[in-house]
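The values are calculated or read from the model by the stated rules, or taken from the named source; none is laboratory data. Note that the structure is a prediction, hence the values are computed from the model and not measured. Because the Cβ atoms are built from the backbone with ideal geometry, glycine has one as well, and the counts that use them run over all protein chains shown. Each accessible area value is taken on the protein alone, full model and side chains, heavy atoms only, with ligands, DNA and RNA left out. Shrake-Rupley method; radii C 1.70, N 1.55, O 1.52, S 1.80 Å.
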Amino acid sequence: MAWHLSLVPALVAAGYQVATFDNRGVAPSSSPPAPYSVEGMADDAVALLNHLGWTDPVHLAGHSMGGWIAETLVLDHPERVRAAAFMGSANKPTAWEVAITTVERDLARLDYDLPPLFYATETLRYLPIADIQNDDVVSTWLSFTADLPVWPNPGRLGQYEAALAWSTDPGRATRWSEIAVPCLVLAFEHDVDSPPDKARQAASAIPDCEYQEIAGSGHIGIVTHADQVAAHLISFFDRH
């Protein structure tokens, strides 16, 4: 949503041609049978670039799992990337991340749809704790999310399996020093999934990497603080 409401218009206004896409398993893209992997979805991104005829190196921005895909692209296909921004994604595995993703994977394996309010409530973790303690914010959030259709399998299972494989792979962080394209790590102050202290560690391990942090934001800072995110992206891409 944020990509099309704020980030894409801001980038287009700054003179950039922008393409966005939904990963395999996320409608309206197809949901082939699991398993999925972050590496496979990075290959999907390369295939899309080829389909669009974008053969020159591109500016790349990814949030959450999209950031993992961007990270994979700069390592495995550096010739396709001019500069990359990793948002809410660059961190060594945390105990919380592994635990919640395991639960989500196991629920998806059951292939049973819980009440929509369960899925809506689960997303509250993306907000800062101060917002979760605010009744008006929570009520408004749930009014937007509780009526959304349940994410169907096999896409749900494939996505969570890919996320868990990524989150439990300690070796991936050892490759940060191999990154050879300009990178921006953009963190969110109250991000429980990709904590700022972990994001700063990642940025320090990536050669010549820039670090920025959005104050007062949770994991979905690209939605709640879209103008600030867009400003950081444009400033970084303009310099590279």
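Table for the structure above
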| read-out | value |
| --- | --- |
| Largest-first principal axis extents, alpha carbons of the range 164-240, Å | 34, 29, 19 |
| Separation of alpha-carbon centers, the range 99-156 and the range 44-89, rounded to whole Å | 28 |
| Mean Cβ count within 10 Å, highest first, over the residues of peptides 115-128, 185-198 | 185-198, 115-128 |
| Shape of the chain, Cα gyration tensor, a/c cut at 1.5 | rounded |
| Sequence-separation-based contact order of the chain, relative, with Cα cut under 8 Å and 6+ spacing, percent | 26 |
| Accessible surface, per residue, of the range 104-240 when the full set of protein chains is kept, probe 1.4 Å, Å² | 50 |
| Label-point separation, Ser139 to His240 (7 Å along Cα→Cβ), nm | 4.4 |
| Part-to-part distance (alpha-carbon centres) for the range 206-240 and the range 170-205, which is given in Å | 13 |
| Highest-first arrangement of 84-92, 165-173, where packing means the average Cβ count within 10 Å | 84-92, 165-173 |
| Protein accessible area in the chain, 1.4 Å probe - carbon and sulfur % | 58 |
| Extension gain (nm, one decimal) between Thr102 and Asp44, 0.36 nm per residue minus Cα-Cα | 18.4 nm |
| Cβ-placed point charges (K, R +1; D, E -1), dipole of the chain about Cα centre in debye, nearest 20 | 340 |
